[in-house]
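Visitor: Could you have a look at this structure, given as structure tokens, before my questions?
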Amino acid sequence: MILKLDHIYKDYIQGKMTVPVLKDVSLHVDRGEYVAIMGPSGSGKSTLMNIVGCLDRPTSGAYELAGQDVLTLNDKQLAGVRLHNIGFVFQNFQLLPRMSALDNVALPLIYAGIRKRTRRERAREALIRVGLEDRVNFNPTQLSGGQKQRVAIARAMVNKPDILLADEPTGALDSKSSKQVMELFQKLNDEGVTVIMITHDSTIAGYAKRVVTIFDGELSEQKGEEAR
């Protein structure tokens, strides 16, 4: 098992009020799974994503990632988990506009202390893996939305993380680009990559092999045709 969330609660304080956002959330994900977490705006899915991505801490509960007790780690150690164990894909790509696709993909390797020649080799291999071998030296402004997202996926994968965590990965794309990106996620999962995807779109969630829904901070699981 790659990820274990058990009895997660998350509250926010607003003035003198305590606002519960996540309520007794438990989620176990095996290595190599493809899981979609689906819910409407305000359901708690972004808060859950931030906890899974080690960007926020729960109020209470237990979180284990790749055998490590995440909630015992300090901020520096959490940064290391985000660098090495989790690859992030965001709705709006978050690419640096004045850097080439190759240099954008190589960024995590700089933080990981990989030497320049190896960084460039690995970044090029990652771009080839997502079908962008002919766009290596293009800046984001020269790429379509779908191509930008594929660069972002290559960047997320370049450090060979345990989990690929995608937040509304097709939210800024047209239908054709969305289909291409989802086919790429499927290909990566077929190759053994663990994928956890956050989405509000049932069509996009239907690409996953397992769908859990979140509503008012509570998780429930859908199976088979119900998840489609």
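The values are calculated or read from the model by the stated rules, or taken from the named source; none is laboratory data. As the structure is a computational prediction, the values presented were derived from the model and not from experiment. Reconstructed Cβ throughout: ideal geometry from the backbone, glycine too, with neighbour counts over all protein chains shown. Quick note on the areas: whole protein, heavy atoms, side chains included, nothing else; ligands and nucleic acids left out. Shrake-Rupley method; radii C 1.70, N 1.55, O 1.52, S 1.80 Å.
Visitor: Run the 1.4 Å probe and let me know the accessible area of residue 158, rounded to the nearest 10 Å².
Guide: 10 Å²
Visitor: Most fluctuating residue of 196, 114, 13 in a GNM of the chain with Cα springs under 10 Å: which is it?
Guide: Highest fluctuation of the listed residues: 13.
Visitor: Please report the antiparallel percentage of DSSP beta bridges with both residues in the chain, rounded to the nearest 5.
Guide: So the antiparallel bridges amount to about 55 percent of the total.
Visitor: Once both labels are modelled 7 Å past Cα along the beta-carbon direction, what's the residue 76-residue 110 spacing in nm?
Guide: 2.2 nm
Visitor: With only alpha-carbon atoms in the gyration tensor, what are the semi-axes of the equivalent ellipsoid for region 95-228, in Å, largest first? Please list the in-between numbers first.
Guide: Values: eigenvalues 169, 52, 32 Å².
Working through the eigenvalues yields semi-axes of 29, 16, 13 Å.
Visitor: What is the sum of charges around residue 2, taking Lys and Arg as +1, Asp and Glu as -1, for the other residues whose C-beta is under 11 Å from the C-beta of residue 2?
Guide: Working: positive: 4, 31; negative: 30, 33, 64, 162.
Here the charged neighbours net out to -2.
Visitor: Still on this structure, I have one more. Once Lys and Arg get +1 and Asp and Glu get -1 on their Cβ, which of 12, 72, 35 lies farthest toward the positive end of the dipole of region 1-92?
Guide: Going by the charge dipole, the pick is 12.
Visitor: Bin by bin, in steps of 5 Å, what percent of the Cα pairs in region 73-147 do you find, going until the bin that has the longest distance?
Guide: Percent of pairs per bin, in order: 3, 15, 23, 25, 18, 10, 4, 2, 0.
Visitor: What lysines sit close enough to residue 10 to cross-link, taking a C-alpha to C-alpha distance under 28 Å and skipping anything fewer than 8 places away on the same chain?
Guide: 23, 45, 76, 209, 223
Visitor: Which shape class applies to region 8-145: rounded if a/c is under 1.5, otherwise prolate when a/b exceeds b/c and oblate if not, where a ≥ b ≥ c are the square roots of the Cα gyration tensor eigenvalues? Don't jump to the answer; show the numbers that get you there.
Guide: Working: a/c = 2.25, a/b = 1.84, b/c = 1.22.
Taking the square roots of the gyration eigenvalues as a ≥ b ≥ c, region 8-145 is prolate.
Visitor: Further question: Quick one: net charge around residue 195, please, counting Lys, Arg +1 and Asp, Glu -1 for every other residue with C-beta under 13 Å from its C-beta. Before the final figure, lay out each step's value.
Guide: Working: positive: 31, 187, 209, 210; negative: 30, 33, 162, 167, 183, 190, 191.
Net of charged neighbours comes to -3.
Visitor: Report the one residue of 83, 54, 106 whose Cα lies farthest in the direction of the positive end of the charge dipole of region 38-108 (charges on C-beta: Lys and Arg +1, Asp and Glu -1; origin at the Cα centre).
Guide: My answer, from the dipole projection, is 106.
Visitor: Among 140-148, 119-127, what's the highest-first ranking by average C-beta atoms within 10 angstrom per residue? Don't skip to the end; give the middle numbers.
Guide: Working: 140-148: 16.9, 119-127: 20.1.
Result, highest mean Cβ count within 10 Å first: 119-127, 140-148.
Visitor: Could I ask something else about it? Computed FRET efficiency, Cβ-Cβ of residue 16 and residue 96, R0 35 Å: what is it to the nearest 0.05?
Guide: Values: r = 42 Å, r/R0 = 1.20.
Computed FRET efficiency for residue 16 and residue 96: 0.25.
Visitor: So if each residue of separation counts as 0.36 nm, and I subtract the Cα-Cα distance between residue 6 and residue 60, what length gain in nm does that give? Intermediate results must be reported in sequence, preceding the final value.
Guide: Working: separation 54, 0.36 × 54 = 19.44 nm, distance 0.94 nm.
Value of the extension gain: 18.5 nm.
Visitor: If you count, for each residue, the other Cβ atoms within 10 Å and average over each peptide, how do 173-181, 15-23 line up from highest to lowest? If you can, show how the numbers build up before the last one.
Guide: Numbers: 173-181: 16.4, 15-23: 12.6.
Those peptides, ordered most packed to least, come out 173-181, 15-23.
Visitor: What accessible surface, in Å², does a 1.4 Å probe find on residue 7, ignoring ligands, DNA and RNA and rounding to the nearest 10?
Guide: That residue has around 110 Å² of solvent-accessible surface.
Visitor: Next question. Could you tally the net charge around residue 78, taking each other residue with its Cβ under 11 Å from the Cβ of residue 78, Lys/Arg +1 and Asp/Glu -1? Please list the in-between numbers first.
Guide: Values: positive: 57, 76, 82; negative: 56, 75.
Once positives and negatives cancel, what remains is +1.
Visitor: Now for a separate question. Testing the spin-label approximation: label points 7 Å from Cα along Cα→Cβ at residue 190 and residue 31. State their distance in nm.
Guide: Once both label points are built, they end up 2.2 nm from each other.
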